[in-house]
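Everything on this sheet refers to the single structure shown next.
The values are calculated or read from the model by the stated rules, or taken from the named source; none is laboratory data. Computed from a predicted structure; not experimentally measured. Positions of Cβ are backbone-derived with ideal geometry, glycine not excepted, and every protein chain shown enters the neighbour counts.
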Amino acid sequence: MKKFNLLFSLGITIFTMIGLFSCNNGSSTSTVAKPNEVPISIGSGMNGYGINTMYVSITLCKDQTGTNCQTIDNIILDTGSFGLKINKSALPESFIASLTRVKTTNDETVYACNTFGSGYVFASEHYAVLQLAGDYSDNVIVQIIENSPTAEIPDSCLAKGPFDNFEDFGANGIIGVNPALTLSNNTILLYRKDTNGIYVALTESEANSVPILNQNPLTSLHYNNNGFVIQIPPTLTNTNTNIHGNLVLGINTNVNNMITKNTNLIVASESSLSTVCNSGCFYSKIENPESTIPAVFDSGTNSWVFISNNIPLCSYGYCPESPFVWNSWVFSYDFAPNESYQVTAIITKDEESAGQELSFSVMPGWGYENTNNETLYGSPFFFGKNVYIVFPSKQNSSPIWGFESYR
C-alpha cells in the first residue's frame, strides 16, 4: 500500500504565435538522448512514498571549475513553483559549508520561510552552479531546507502550517520552473540571526537588499534558456512501474523541442487571476457545476484537482464505481479566438485502497476535489503529451503553453 500524500505546489498576437512555429514537423525517430535532455522518472521516488511524482536529477557545483560537485537524485519537477530547494539531509555538510551564502548589504546571512499549498519549508540561502544536460547556470540561488526534526524554526514560520517534508513525496528537493519566472520576496518571510543566534525578521530596508530568492533556474542556463518541453509517454492504468520521459531544455533550438503547426498554443495571464497561479493562469470551463474558473498546469501537484458534482468521493479523492470521463476546456487568459484546448481525463478509483493509503505509485486517473473554485491540471495531465512551455520575452510578454500528443 502507498502512503497517501497529496502534493500541492502551487494578450499576444496571432502573428507572434505563428512566429513560434518551426518549418519542420518536429518529429524524430532517433532514440539517442540529445544533449539538451534531462531524464524524468515518474513513480514512487527514493522511499516508495511518491505517487504520480515527476523526478529529475541535478548537479550542483561550488563554482565553474567543477571540482566540488554533488549530484542529487529524486528532485521534484514543478511547473507551479519557483526556485531550487534541496533537503539539507541530501547534501554533505562539507559541501554546504563550501557554498557562498546569500547576504544582506549589511553582510548578514539570509534565511527564508517559503509556503506551498501543503505547508512550509525553512531554508538557508546559498549560491551554486547548476548543471543540467551539459548546460550550466552560474550563481543560482539554492535554498537548503532544514528537514531535521530537531531543526530550530522561527515561530512565525511554524505558524504557516505543517512542515512540507519533501521526503514524504519520495524526494530530496524540488526545482520550481514556473514560466512566470520569479516570485517576489514579499510572498515569503525573511530572517537573519542576531548576536545571540536567534532568528529575527529582516527590516524592510534589509529585505530590499536581498536578491529574489525564488527564480526559475532554467532562465539562467547559458544555452537552452527560453523554455522547455516535458515529454511523458501515455499510461492508462494504475501501476507500480515507473514511467520514463524527458525534460527537454530550450524551445526551437533543437530537433526535439520544435513547436510546429500541430502544436495547440494558449497564453497565460500577465497578472494573477488567482493566488495559486502566480501570474500563470488560464481559464477552465467545466461542467456540472457549469462554470468558467481560473486554472493552472502544475506538474508538482500529483493528481487531477477539480470540481465535479457527478463523482462520488472517498477519503483519498474521487472514486467512481466505473471509469468516469471528465471533460474541460482551457482558454487563454483573454479568451482569444483559436486559443483553447480540450482536456479529457478518465477518472478511476484505486480498486485496492483502504483508508488513507493508496496501492499504486502511478495513477493516471487519480482525481481530487478542489474546493477553491479553480482547476489544477496536475502531473497526470502531462501523461501522453509533449507539453511546451515558452518563457516571456520581447516577442511575447506572457508565458505560452503548447500541447501535442506524445511522440
Any hit, the range 125-143, residues being out of contact with any Leu (no Cβ under 7 Å at 6 or more places or on another chain), closer than 29 Å to Thr203 by Cβ and modelled with pLDDT of 95 or more: no
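For the range 375-382, check the following and say yes or no: at least one residue is surrounded by fewer than 22 Cβ atoms within 10 Å (Cβ to Cβ) and either in a loop (DSSP other than H, G, I, E, B) or modelled with pLDDT under 95 (or both).
Looking only at the range 375-382, we keep the residues that are surrounded by fewer than 22 Cβ atoms within 10 Å (Cβ to Cβ), and these are none.
Within the range 375-382, none of the residues are surrounded by fewer than 22 Cβ atoms within 10 Å (Cβ to Cβ) and either in a loop (DSSP other than H, G, I, E, B) or modelled with pLDDT under 95 (or both).
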Where a residue in the range 292-320 is among the polar types (S, T, N, Q) and its partner, wherever it lies, is at pLDDT below 90 and part of a strand (DSSP E or B), with Cβ under 6 Å and at least six apart: Thr292/Tyr283
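Yes/no matrix, rows are residues, columns are (1) polar (S, T, N, Q); (2) within 28 Å of Asn47 (Cβ to Cβ); (3) in contact with an Asp or Glu (Cβ under 8 Å, 6 or more places away or on another chain):
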| residue | (1), (2), (3) |
| --- | --- |
| Gly227 | no, no, no |
| Ile232 | no, yes, no |
| Thr237 | yes, yes, no |
| Leu247 | no, yes, yes |
| Ile251 | no, no, no |
| Ile259 | no, no, no |
| Asn262 | yes, no, yes |
Conditions (1) more than 22 Å from the chain's Cα centre (by Cα); (2) hydrophobic (A, V, I, L, M, F, W, C); (3) at pLDDT 95 or above; number of the one not met by Ala207: (3)
Flag if Thr195 is modelled with pLDDT under 90, surrounded by fewer than 19 Cβ atoms within 10 Å (Cβ to Cβ), in the same structural domain as Lys103 (by TED's automatic domain parsing) and β-branched (Val, Ile, Thr): no
Search result, residues across the range 74-105 that are surrounded by fewer than 19 Cβ atoms within 10 Å (Cβ to Cβ) and in contact with a Phe, Trp or Tyr (Cβ under 7 Å, 6 or more places away or on another chain): Thr100
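Could you please let me know if Ser393 is part of a loop (DSSP other than H, G, I, E, B), within 24 Å of the chain's Cα centre (by Cα) and closer than 21 Å to Thr241 by Cβ? Break it down into steps so the answer makes sense when it comes.
Numbers: part of a loop (DSSP other than H, G, I, E, B): yes; within 24 Å of the chain's Cα centre (by Cα): yes; closer than 21 Å to Thr241 by Cβ: no.
So Ser393 fails the test.
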